[in-house]
Amino acid sequence: MGRQREFDADEALEAALCVFWRKGYEGTSYTDLTQAIGVERPALYSVFGNKESLFRRALERYYEHYLDFFPAALELPTSREVAAHILRGAAELNTRYADRTGCLGIHGALAGSDDAEPIRRALVDARASAEASLRDRFERAKQDGDLPETANATALAAYVCAVLHGMAVQAKAGFSRDVLEAVVEQALSTWPSRTRPP
């Protein structure tokens, strides 16, 4: 009886992440995953469980290894720098790999069957959490005098996220990094000015 091929779980997770990023959750089959990782289905199950649990782990890895610019941006001194760092980071990531453009978090499950509803819900919740952290950061910017008192932190956070998500869709459709960076500059050109000098 032949031995199962041993594999590195970290490398396997990265391979699965790349397939999900390219094809989305429902567009990815078990055959896609086993071929990308180089193991049979039983070995995949034994390490990662089912497809949903594998996707959730791949998504965690995506946030940690690819979207690390987002939490880093929240620590920058001004609200405009926060928005600029996030949008520029997204423009770069969305076009970094020719075989998987766009954003896993946006394209992972835009629409799908009832079976995929838990994944769609997890992605919606993750985006809502990111938007809430951005809103809180902009509220702090108002308190610090970096944003005018009249600035609507909720609307600003929603605006940045709308641009962010739109860029992911455009990248998936083949828009170049230059075009996305021009979108970023346009979005930043109307950023509310501070009420007093730093």
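Among residues of segment 142-153 that are touching a residue at least 60 places away in the same chain (Cβ under 8 Å) and under 11 Å from Thr78 (Cβ atoms), those with a beta-carbon under 9 Å from a residue that is open to solvent by less than 50 Å² (accessible area, probe 1.4 Å) and not aromatic (Phe, Trp, Tyr) at least six positions away or on a different chain give the pairs Asp146/Thr78; Asp146/Ser79; Leu147/Thr78; Leu147/Ser79; Leu147/Ala141; Leu147/Ala153; Leu147/Leu156; Leu147/Pro192. For segment 101-111, residues that are modelled with pLDDT under 80 and within 15 Å of Arg56 (Cβ to Cβ) total 2. Test Ala91 against the stated conditions and say whether it is touching a Leu at 6+ places or on another chain (Cβ under 6 Å), more than 12 Å from Ala168 (Cβ to Cβ) and not charged (D, E, K, R). No. You will find that of Leu123, Leu134, the residue that is within 13 Å of the chain's Cα centre (by Cα) and either over 21 Å from Pro77 (Cβ atoms) or surrounded by 20 or more Cβ atoms within 10 Å (Cβ to Cβ) (or both) is Leu123 and no other.
Across segment 67-104, the number of residues qualifying as within 11 Å of the chain's Cα centre (by Cα) and among the polar types (S, T, N, Q) comes to 1. Here Arg140 qualifies as farther than 14 Å from Arg88 by Cα, at pLDDT 95 or above, over 20 Å from the mean Cα position of the chain (by Cα) and in a helix (DSSP H, G or I).
Looking only at segment 161-173, which residues are over 12 Å from Val183 (Cβ atoms), assigned to a helix (DSSP H, G or I) and out of contact with any Cys (no Cβ under 9 Å at 6 or more places or on another chain)? Selection gives Cys161 alone.
Only a single criterion out of (1) under 17 Å from the mean Cα position of the chain (by Cα); (2) within 18 Å of Phe70 (Cα to Cα); (3) open to solvent by 60 Å² or more (accessible area, probe 1.4 Å) is not satisfied by Cys161, namely (3).
The values are calculated or read from the model by the stated rules, or taken from the named source; none is laboratory data. Since the model is a prediction, treat every value here as computed from it, not as a measurement. Positions of Cβ are backbone-derived with ideal geometry, glycine not excepted, and every protein chain shown enters the neighbour counts. Accessible surface areas use protein heavy atoms only, side chains included; no ligands, DNA or RNA. Shrake-Rupley method; radii C 1.70, N 1.55, O 1.52, S 1.80 Å.
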